[in-house]
Amino acid sequence: MIAGRWMGALVCMALLGGSGADAGEAVRIGTETRIFVDDALVAVKTGVVRKVHPCRKLPGPVVEPERPWEGRRVYVYGTVHYDAAARLFRMWYASYPPAGKRDNRLTRSPRALVLYATSTDGVRWSRPNLGLYEYAGSKDNNIVYDLDSPSVLVDAREPDPAKRYKMIGRGRRKGGGHGAWVAYSSDGVHWKDYPVNPVFKSSDTITFTRDPYRGDYLAFHKLGAKIRGYRRRVVWLATSRNMQTWSPSKLVMAPDEVDDAWVKQKGQRTEFYNMSAFAYAGQFLALVPTFRLTRTLKDPAPDQSSHDGPIHAQLVHSRDGRNWRRLDDRTPAIPNGPADFDAGCILGVTNTPVIRDEEIWIYYTAITTGHGGAMPEKRITIGRAAWRLDGFVSLDAGDEEGVVETVALRLTGNRLIVNADASKGYLTVEVLNQGGRLLPGYASRDCIPLRTDAVRYVVRWKDHDRLKTERPVRLRFRLRNAELYAFKIGGSGSSRGGE
């Protein structure tokens, strides 16, 4: 037990950038952005509230079912990746066309196909004719594989070039037996099965990522569990070092009483459809499609679920990728509507945010109806959500000045860069020593206030724009009618001086 606690402390220190085991010691931070989704780096905050920001959306889908092998629905559970070298966006998505027309080598899923598309702008997508598998007698299509809920990882840490791309989804062996299925590729187009498959029990939705701190693969998958009297869809986690041997699945995300506060009649409940997690700003974030099951249909049509209700996506967070926490503000990060194409469900979400200039893009499966809608009214397409850079959550102050003070930080750079919207007010920064005493020349009155909306604002004081780095400091943000999203430390770390 003691060893386990010590290991947990070390992992936490690694995620925070800490250099020692004593909680009173300063936390070493590098140049990675730090966001305010939790209070891990906050010692004091007054007069501010933490706010979740819903995404901005395009007015319509970016990918719709157009080809025979796409049937009447396309899904993205896994991945959109920007290839900087090729200046190309790459998408792996799924379709469920009519059975009976597929290549006889595609045996892992009775219906699902994995498809590949590219784009130069992330909005208009092309389907290359890859010539790999037949559909209806022709290889002129973009089919690359066959799994339910395909999630692709571009694994920059993989030493073997043949396995730079990895995929997980639900598949089955010939003759029966299904679960999480894994494959690898050198280019993201030509895929091979790993020797051992399936690797663990799973339902029909799986996404995964790689822990950049420990190196493990983290697979988040849907299985049922009895929660407060009902069997519900919930999220489990299995981990692996080699994609072949996986840990026992652990329940990591289940609805609580707050999630069920909307319930008005027996049988209604909240469930979690899946979870797409990714490392971001020194920690982990995830989007969880949250299903409000409003009714059970007695006589559903073919391809129609008996469970009906809307699904939106909420934001959750973790410091280690394994222990997850909810925010007090449960405003949907990807809400339904206002357009018709996603008014019913946000069913699946990509496992990789795409960072473009000053925005974050995440792609999602959009459905016109609730989960139990019937074709053809139920139309399933792919949409794109966007936030400002680091813009999932902010600490906001109103008419009264708010204060956010960090724990003691040991800096590796000498410039402070802030992401904040102070266009209706102001934001200033004070610098204190480790004990909380204000450093000369770094008071709020010395700081040139930010009065605009800026994603990368370099904080300046009257006589200088450099931080002192030889000893730990605390940063005290003062803001009024402003939103504080993030900060980071830049520069060489060469500035010195006394307190």
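The values are calculated or read from the model by the stated rules, or taken from the named source; none is laboratory data. Nothing here was measured: the structure is a model prediction, and the numbers come from that model. Positions of Cβ are backbone-derived with ideal geometry, glycine not excepted, and every protein chain shown enters the neighbour counts.
Whenever a residue of region 105-133 is not assigned by TED's automatic domain parsing to the domain that holds Ile206, it has no partner that is modelled with pLDDT under 95 lying with C-beta atoms less than 6 angstrom away and at least six residues away or across chains. The set of residues in region 272-289 being among the β-branched types (Val, Ile, Thr) and surrounded by fewer than 22 Cβ atoms within 10 Å (Cβ to Cβ) is empty.
Counting the residues of region 431-477 that are assigned to a strand (DSSP E or B) and surrounded by 17 or more Cβ atoms within 10 Å (Cβ to Cβ) gives 13.
Checked across region 287-299, the condition of being without any contact (Cβ under 8 Å) to a residue 60 or more places away in the chain and within 17 Å of the chain's Cα centre (by Cα) holds for at least one residue.
Among the residues in region 254-264, are any assigned by TED's automatic domain parsing to the domain that holds Pro198 and assigned to a strand (DSSP E or B)? Scanning region 254-264, I find no residue that is assigned by TED's automatic domain parsing to the domain that holds Pro198 and assigned to a strand (DSSP E or B), so the answer is no.
Selection of region 137-149 for residues being in a loop (DSSP other than H, G, I, E, B) and in contact with a Phe, Trp or Tyr (Cβ under 9 Å, 6 or more places away or on another chain) yields Lys139, Asn141, Asn142, Asp146, Leu147. Hey, does region 326-335 have a residue that's surrounded by 18 or more Cβ atoms within 10 Å (Cβ to Cβ) and either in a strand (DSSP E or B) or touching an Asp or Glu at 6+ places or on another chain (Cβ under 8 Å) (or both)? So far as region 326-335 goes, yes, one or more of its residues are surrounded by 18 or more Cβ atoms within 10 Å (Cβ to Cβ) and either in a strand (DSSP E or B) or touching an Asp or Glu at 6+ places or on another chain (Cβ under 8 Å) (or both).
Against the list (1) at pLDDT 95 or above; (2) of a type outside the set (Val, Ile, Thr); (3) touching a strand residue (DSSP E or B) at 6+ places or on another chain (Cβ under 9 Å), the condition Gly282 fails is (1). In the set Thr381, Thr369, only one residue is in a loop (DSSP other than H, G, I, E, B) and over 20 Å from Gly491 (Cβ atoms); that residue is Thr369. Being in the same structural domain as Ile206 (by TED's automatic domain parsing) and either surrounded by 24 or more Cβ atoms within 10 Å (Cβ to Cβ) or within 21 Å of Tyr364 (Cβ to Cβ) (or both): is that true of Gly78 here? Yes. In this structure, Ala219 qualifies as surrounded by 19 or more Cβ atoms within 10 Å (Cβ to Cβ) and on the phi < 0 side of the Ramachandran plot.
Among the residues examined, Arg269 does not qualify as in contact with a Ser or Thr (Cβ under 8 Å, 6 or more places away or on another chain), closer than 24 Å to Tyr364 by Cα and crowded, with 16+ Cβ neighbours inside 10 Å. Restricted to region 235-259, and to residues there that are in contact with a strand residue (DSSP E or B) (Cβ under 6 Å, 6 or more places away or on another chain) and within 14 Å of Gln314 (Cβ to Cβ), the residue that is surrounded by the fewest Cβ atoms within 10 Å (Cβ to Cβ) is Ala254.
In summary, strands (runs of 3 or more DSSP E) completely within region 30-102 and bearing 1 or more residues that are over 30 Å from Arg410 (Cα atoms) and in contact with a helix residue (DSSP H, G or I) (Cβ under 6 Å, 6 or more places away or on another chain) occur at 88-95.
The strands (runs of 3 or more DSSP E) falling completely within region 150-236 that include 3 or more residues that are in contact with a His (Cβ under 9 Å, 6 or more places away or on another chain) and in the same structural domain as Val349 (by TED's automatic domain parsing) map to 165-172, 206-210. A search for C-beta distances below 6 Å between a residue of region 371-400 that is under 21 Å from Pro289 (Cα atoms) and any residue that is buried (at least 20 other Cβ atoms within 10 Å of the Cβ) and among the small types (Gly, Ala, Ser), counting only pairs 6+ apart in sequence or on different chains, returns His371/Gly309; Thr381/Ala366; Gly383/Ala366; Asp390/Ala486.
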